[in-house]
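A short write-up of the structure that comes next.
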Amino acid sequence: SVVWPIRNVVNSCLAITVARAIQLPKFAYVVAALGGLVLYDTIGVYGSSFLLPAAGAAEPAAATSVMETVARSKLDGSSLFWQPGLLSVVVNGRTTDALGLGDAIFPALLAGWAIRHDREENCSNDSSADDSKSFIDSQKTSWYLQSCLGGYAIGCFLQEVFNTGNGQPALLFLIPSMLIAVLGTATVRGELSDVLRS
């Protein structure tokens with residue numbers, strides 16, 4: 001089917017719009033927001049089955065949480081053209097991978113902070129540039145954005161490694177991987193205190 005790539009493009013445009021609209025100015029605010037979202041995602045996937053009454057006989061046994069029930073309803077193919085909030089890959093008519101739109105938007109909060117931090121750092125380096133700097137030191141860098149993207153890729157890999165076959169909170173893998181990558185980069189560059197204050 002050629003519909004799923006079109007659906008993914010439309011959902012990606014929506015994700016980019018939302019991610020550009022939400023810009024938290026300080027690293028601490030980003031970490032607090034993302035920590036709350038990880039907690040919400042984890043409770044929504046693992047904890048809602050404990051908080052809600054037992055499922056009746058008419059409900060499918062495979063979907064044990066509210067979030068998993070919603071995700072499975074989107075994956076069942078009842079809506080052939082439009083599935084808002086879902087990025088998916090379909091091979092031979094079967095969905096092989098799916099990622100909720102929030103799992104793309106919310107990590108973009110940290111990536112957006114990284115872009116702004118890299119830009120500020122590059123601007124401050126330009127104003128204090130001197131001729132004694134080497135060619136490599138004088139180049140524009142995007143250390144924090146690159147570490148965010150690397151952390152996101154590692155988080156995606158970890159989701160595949162620890163895939164249980166049931167719904168799982170993607171943010172539980174993505175956000176810690178990205179934060180560890182950013183904080184590791186800051187530590188290696190000797191900028192940890194600056195990043196924590198920014």
> Among all residue pairs at least 6 apart or on different chains, which show Cβ distances below 7 Å where the first residue, located in the range 94-108, is surrounded by 20 or more Cβ atoms within 10 Å (Cβ to Cβ) and the second is in a strand (DSSP E or B)?
Replying inline: Gly100/Leu86; Ala104/Leu87
>> Here is a list: Ser88, Ser142, Ser147. Which entry is among the hydroxyl-bearing types (Ser, Thr, Tyr), farther than 24 Å from Asn11 by Cα and at pLDDT below 90?
In response: Ser142
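One residue is enough: does the range 119-134 have a residue meeting the conditions buried (at least 17 other Cβ atoms within 10 Å of the Cβ), modelled with pLDDT under 90 and in contact with an Asp or Glu (Cβ under 6 Å, 6 or more places away or on another chain)? Break it down into steps so the answer makes sense when it comes.
If we filter the range 119-134 for residues that are buried (at least 17 other Cβ atoms within 10 Å of the Cβ), which is where we start, we get 121.
Right, trim to modelled with pLDDT under 90 and you get 121.
If we keep only those that are in contact with an Asp or Glu (Cβ under 6 Å, 6 or more places away or on another chain) as well, we get none.
Checked the range 119-134: no residue is buried (at least 17 other Cβ atoms within 10 Å of the Cβ), modelled with pLDDT under 90 and in contact with an Asp or Glu (Cβ under 6 Å, 6 or more places away or on another chain).
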>> For a quick check of your reading of the model, give me the residue pairs whose first member lies in the range 165-177 and is free of Cβ contacts under 8 Å to residues at least 24 places away in the same chain, whose second is surrounded by fewer than 24 Cβ atoms within 10 Å (Cβ to Cβ) and of a type in the set (S, T, N, Q), with beta-carbon atoms closer than 8 Å and at least 6 apart or on different chains.
In response: Phe173/Gln159
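Yes/no per residue for (1) within 13 Å of Ala111 (Cα to Cα); (2) touching a helix residue (DSSP H, G or I) at 6+ places or on another chain (Cβ under 8 Å); (3) of a type outside the set (Phe, Trp, Tyr); (4) not in a helix (DSSP H, G or I):
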| position | (1), (2), (3), (4) |
| --- | --- |
| Ser147 | yes, yes, yes, no |
| Gly150 | yes, yes, yes, no |
| Gly167 | no, yes, yes, yes |
| Ile175 | yes, yes, yes, no |
| Val182 | yes, yes, yes, no |
| Ala186 | no, yes, yes, no |
| Gly190 | no, no, yes, yes |
> Which members of the range 171-198 meet the condition of being of a type in the set (Ser, Thr, Tyr), within 28 Å of Val161 (Cβ to Cβ) and open to solvent by 60 Å² or more (accessible area, probe 1.4 Å)?
Replying inline: Thr187
> Which number in (1) open to solvent by less than 70 Å² (accessible area, probe 1.4 Å); (2) of a type outside the set (Ser, Thr, Tyr); (3) modelled with pLDDT under 90; (4) over 25 Å from Val9 (Cβ atoms) marks the one condition that Trp113 misses?
Replying inline: (3)
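Out of the range 18-34, which residues are in a helix (DSSP H, G or I) and either loosely packed, with under 14 Cβ neighbours inside 10 Å or touching a His at 6+ places or on another chain (Cβ under 9 Å) (or both)? I'd like the intermediate steps shown before the answer.
First, the residues of the range 18-34 that are in a helix (DSSP H, G or I): 18-21, 27-34.
Those that are in a helix (DSSP H, G or I) and either loosely packed, with under 14 Cβ neighbours inside 10 Å or touching a His at 6+ places or on another chain (Cβ under 9 Å) (or both): Arg20, Ala21, Phe27, Ala28, Tyr29, Ala32.
The values are calculated or read from the model by the stated rules, or taken from the named source; none is laboratory data. Since this is a predicted model, take the numbers as computed values, not measurements. Here Cβ is always computed from backbone atoms with ideal geometry, including for glycine, and neighbour counts include all displayed protein chains. Heavy atoms of the whole protein, side chains included, go into the accessibility calculation; ligands, DNA and RNA do not. Shrake-Rupley method; radii C 1.70, N 1.55, O 1.52, S 1.80 Å.
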